[in-house]
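Reviewing the structure listed below.
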Amino acid sequence: MNKRIKDNAFILLTLPLVGLVIWWTWPSGAPTSPAPATLPASTFSTSHPATQAATAIPAGEEPLVDVKDVDPRIIVDIRYATTDNFMKRVLYPANRAMLRESVARRLARVQDELAAQGLGLKVYDGYRPLSVQKMMWQVMPNPDFVADPAKGSRHNRGVAVDVTLVDANGRELEMPSGYDEFSERARVDYAGGSETARRNRDLLIAIMTKHGFKVLKSEWWHYDSPGWERCSVLDVPLTDK
Ligand SMILES: [Zn+2]
């Protein structure tokens with residue numbers, strides 16, 4: 001083969017391959033064109049791939065476990081199992097925090113380290129079914145505070161946890177804002193409030209980060225576990241055991 005034929009053959013062979021790679025790596029979640037303004041929001045969100053939540057744990061994925069079964073020392077206070085939440089409605093059937101197994105074990109390691117300092121963890125929320133996420137989005141459609149169900153929250157994957165610090169008697173330590181307070185005070189860099197509250201917040205962030213969790217900048221209480229992308233968005237109902 002002379003050089004020109006060789007070059008042409010190379011281009012002919014590689015062009016479709018390049019096209020294939022671009023097609024393969026193009027973000028599938030991004031709509032190719034904006035949804036028409038006349039379409040109701042529900043039409044758009046139900047057509048999004050992420051809303052195809054699994055109603056059972058897909059084969060090969062980690063199970064959801066009860067945090068209390070992994071570490072009974074961790075206090076569980078699920079606000080969504082009461083009316084004491086921004087929705088003012090009971091959304092969960094029981095005061096249970098479910099997480100993917102490796103996430104619950106990671107949290108237990110944080111608890112170990114805190115216990116050595118006479119402190120502990122309190123969990124406000126863990127796994128959250130996608131159907132509950134949709135209800136929350138209707139009330140608070142602000143992506144700073146509630147994940148758009150069209151994308152799915154890390155809570156819907158069972159890899160996010162909302163926590164605070166407690167003392168040896170289980171009393172919550174002072175923080176710059178209350179849980180689920182949708183304000184500037186919830187931000188991780190909020191410089192107001194008392195020095196004690198900021199120090200407690202920074203201690204929580206430091207210890208969670210040390211164990212691999214990543215804090216959400218707009219909520220000092222929210223942490224994502226690494227490897228979340230390997231866990232599907234779920235709509236497995238919560239049960240009371
Ligand atoms: Zn959260």
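General observations
- Filtered by the rule that a residue be under 15 Å from the mean Cα position of the chain (by Cα), away from the ligand (no atom under 15 Å from the Cβ) and of a type in the set (Asp, Glu), segment 205-241 gives Glu229, Asp235.
- Subset of segment 134-157 (residues that are outside any loop (DSSP other than H, G, I, E, B) and either in contact (Cβ under 8 Å) with a residue 60 or more places away in the chain or not polar (S, T, N, Q) (or both)): Lys134, Met135, Met136, Trp137, Val139, Arg154, His155, Asn156, Arg157
- Per the listing Val67, Val90, Val103, the residue uniquely out of contact with any Gly (no Cβ under 6 Å at 6 or more places or on another chain), at pLDDT 50 or above, among the hydrophobic types (A, V, I, L, M, F, W, C) and farther than 25 Å from Trp228 by Cβ is Val90.
- A single entry from Asp202, Asp189 fulfils the requirement of being surrounded by fewer than 16 Cβ atoms within 10 Å (Cβ to Cβ), part of a loop (DSSP other than H, G, I, E, B), more than 16 Å from the ligand (Cβ to nearest atom) and at negative phi: Asp189.
- Summed over segment 113-133, residues that are free of Cβ contacts under 8 Å to residues at least 40 places away in the same chain and either assigned to a loop (DSSP other than H, G, I, E, B) or more than 12 Å from the ligand (Cβ to nearest atom) (or both) total 2.
- Phe145 passes every criterion in (1) within 26 Å of Gly192 (Cβ to Cβ); (2) modelled with pLDDT under 95; (3) away from the ligand (no atom under 12 Å from the Cβ); (4) surrounded by 15 or more Cβ atoms within 10 Å (Cβ to Cβ) apart from (3).
- Criterion violated by Glu172 - all others in (1) within 22 Å of Ser225 (Cα to Cα); (2) out of contact with any Phe, Trp or Tyr (no Cβ under 6 Å at 6 or more places or on another chain) satisfied: (1)
- Of the numbered criteria (1) surrounded by fewer than 21 Cβ atoms within 10 Å (Cβ to Cβ); (2) of a type in the set (S, T, N, Q); (3) closer than 17 Å to Asp224 by Cβ, the one Asn156 fails is (1).
- Pairs linking a residue in segment 158-180 that is away from the ligand (no atom under 16 Å from the Cβ) to a residue that is of a type in the set (Lys, Arg) and part of a loop (DSSP other than H, G, I, E, B), with Cβ atoms under 9 Å and 6 or more positions apart or on different chains, are Pro176/Arg187.
The values are calculated or read from the model by the stated rules, or taken from the named source; none is laboratory data. Since we're looking at a predicted model, the values are computed, not measured. Cβ sites come from the backbone with ideal geometry, for glycine too, and all protein chains shown count toward neighbours.
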